[in-house]
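The values are calculated or read from the model by the stated rules, or taken from the named source; none is laboratory data. Being a predicted model, the structure only gives us computed values, none of them experimental. Don't worry about glycine lacking a Cβ; one is built from the backbone with ideal geometry, like all the others, and counts go over all protein chains shown. The accessibility values were calculated without ligands, DNA or RNA, using every heavy atom of the protein model including side chains. Shrake-Rupley method; radii C 1.70, N 1.55, O 1.52, S 1.80 Å.
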Amino acid sequence: MKDLRNYSLKDHNTFGIEARCRRFLEYTNEEEARQTAAIIREADSPYIIIGEGSNLLLTKDFDGIVVHSAIKGISMEDRSDCSVVLCGSGERWDDVVAWCVERQNGSLVNLSLIPGDVGASAVQNIGAYGAEVGQFVEEIHAVDIPTGQMVAIGREECRYGYRDSRFKHDWRNRFLITKVSYRLPKDSRLNVEYGNIRSELERRGISQPTAAELRQTIIDIRNAKLPDPKVEGNAGSFFMNPVVDRAKYQELAAQYDNMPHYDVDEDHVKIPAGWMIEQCGWKGRRQGNAGVHSKQALVLVNKGGATGAEIVALCEAVRRDVKARFGIDIHPEVNII
């Protein structure tokens, strides 16, 4: 187990922000997770739990404990109607998707190339191209920090919603996740109808893609529009796509021809935040050392030497303009510390 003091978090956040924490703890197995929980209880100090830092914006040094999982391992159990994949919470999420695709199960393929680790996937309910990880979670294994006990949490208890779960609210910083199991149907059909997946497949001359072909297509689409954090620090999509009532959607649709949208249910519609940000003229613009990505307006980037405060200032400027033009509040998906 790692136990380090005055530790730099620059390599633990994809924005590449320099910030330090008073103490850094990293556990590699369940017993070390229990030990970590005991240290947290005894220290009586502020603490946060992080993954790869791909959904994290640091605005200052953290005068407390930062906790990280390095538990590895992926295994699969075949059942009659599904496969259950058990993963260490410190595994990279995209490695899990690749591992499943290599074994001819494409259930997770639409979630290809999403940054972060397995533990964070369960907390954030990551999603893309019409899929969310919460629909596949079977059980989460974790240490309950207040008691030090190992617990198993079923999917229904997590109350998954759009980029949301109990881990972000009443369970915030309560559990040290050690493993997550995913229930993957054996007869699931590949979903190619979301976004521009179908048109890109057609451009490639693929009508009935394999899971591997669909994965590569999604990877290429994401790489074409999302910046490499090693080149320009970023946390992927910075804002959540707002869900509005149908009356609000119809009001806007009457003003903007061909406004992109996705039906959520009979009464609600999701409008892409990136499209609204672009309509406000922010795409490709820079404010100090922070900017809006030139290919995807949902992404805020560190143009070099940006502080967390500069990223927050840009975020608030974008939010104000979207609210003024569309009457819609957009909210950060990123965890701001």
| Heavy-atom accessible area of H331 with all protein chains present, probe 1.4 Å, nearest 10 Å²? | 90 Å²
| note | Mean accessible area per residue over the chain (1.4 angstrom probe, all protein chains present, square angstrom) is 46 Å²
| Label R286 and I328 with points 7 Å out from Cα along Cα→Cβ: what is the distance between them in nm? | 2.9 nm
| query | Which of the listed residues, A247, H261, P272, is farthest toward the dipole's positive end in the range 228-280, when Lys, Arg count +1 and Asp, Glu count -1 at the beta-carbon? | reply | P272
| query | By how many nm would the segment from M76 to T28 lengthen if fully extended, with 0.36 nm per residue of separation less the alpha-carbon distance? | reply | 15.2 nm
| Under 5 Å between amide H atoms, partner at least 5 residues away or on a different chain: which partners does C82 have, H built in plane at 1.01 Å? | K186
| query | What residues qualify as long-range amide H neighbours of F238, i.e. H under 5 Å apart, gap of 5 or more or another chain, H built at 1.01 Å from N? | reply | V299, L300
| task | Could you check the simple spin-label distance between D144 and A313, using points 7 Å along Cα→Cβ, in nm with one decimal? | result | 4.6 nm
| remark: Rounded to one decimal in nm, the spacing of the 7 Å Cα→Cβ label points at D11 and A38 is 2.8 nm
| message | If you take mean projected area of the Cα convex hull in nm² from the coordinates, which of (i) 20.0; (ii) 17.6; (iii) 16.7 do you get? | response | (ii)
| task | List the extent of the Cα atoms of the range 1-97 along each of their three principal axes, largest first, rounded to whole Å. | result | 50, 31, 17
| task | Give the long-range amide H neighbours of I49: residues separated by 5 or more places, or on another chain, with amide H under 5 Å away, using H modelled in the peptide plane at 1.01 Å from N. | result | V67
| task | Have a look at G236, G64, G116 and tell me which one the Gaussian network model of the chain (Cα, springs below 10 Å) gives the largest fluctuation. | result | G64
| Residue by residue, what Karplus-based ³J(HN,Hα) values in Hz, rounded to whole numbers, does the range 173-190 have, using 6.51, -1.76 and 1.60 with θ = phi - 60° and x for Gly and Pro? | 6, 8, 10, 9, 6, 10, 8, 9, 10, 10, 9, 10, x, 7, 9, 5, 8, 5
| query | Using a simple charge model, +1 on the beta-carbon of Lys and Arg, -1 on the beta-carbon of Asp and Glu, nothing else, what dipole does the chain show about its Cα centre, in debye to the nearest 20? | reply | 880 debye
| query | Hey, got the dipole for the range 48-195? About the Cα centre, +1 on K and R Cβ, -1 on D and E Cβ, debye to the nearest 20? | reply | 160 debye
| Virtual paramagnetic centre 7 Å along Cα→Cβ of R172, amide N under 17 Å, in the range 50-88 | 50-51, 55-60, 62-67
| At 222 nm, what helix-only mean residue ellipticity would the chain give, in deg cm²/dmol to the nearest 500, using -39500 (n - 2.57) for each DSSP H run of four or more? | -8000 deg cm²/dmol
| Candidate residues S188, S45: accessible-area rank, largest first, probe 1.4 Å | S188, S45
| query | Mind checking the dipole of the range 288-337: about its Cα centre, +1 per Lys or Arg Cβ, -1 per Asp or Glu Cβ, Debye to the nearest 20? | reply | 160 debye
| Listed pairs K225/K303; K248/K295; K230/K303; K230/K323; K10/K303 exceeding 22 Å between Cα atoms | K248/K295; K230/K323
| said: Please list 3J(HN,Hα) in residue order for the range 45-55, calculated via the Karplus relation 6.51 cos²θ - 1.76 cosθ + 1.60 where θ = phi - 60°; whole Hz, with x for glycine and proline. | reply: 10, x, 8, 9, 10, 10, x, 7, x, 7, 10
| request: Enumerate the lysines that K168 could reach by cross-link, defined here as Cα to Cα under 22 Å, with residues fewer than 8 away along the same chain left out. | output: K60, K179, K270
| J(HN,Hα) series, the range 138-145, from Karplus relation 6.51 cos²θ - 1.76 cosθ + 1.60, nearest Hz, glycine and proline x | 9, 7, 10, 9, 7, 9, 7, 4
| request: Could you look at the range 211-330 and say what percent of its accessible area is carbon and sulfur, using a 1.4 Å probe and all protein chains? | output: 44 percent
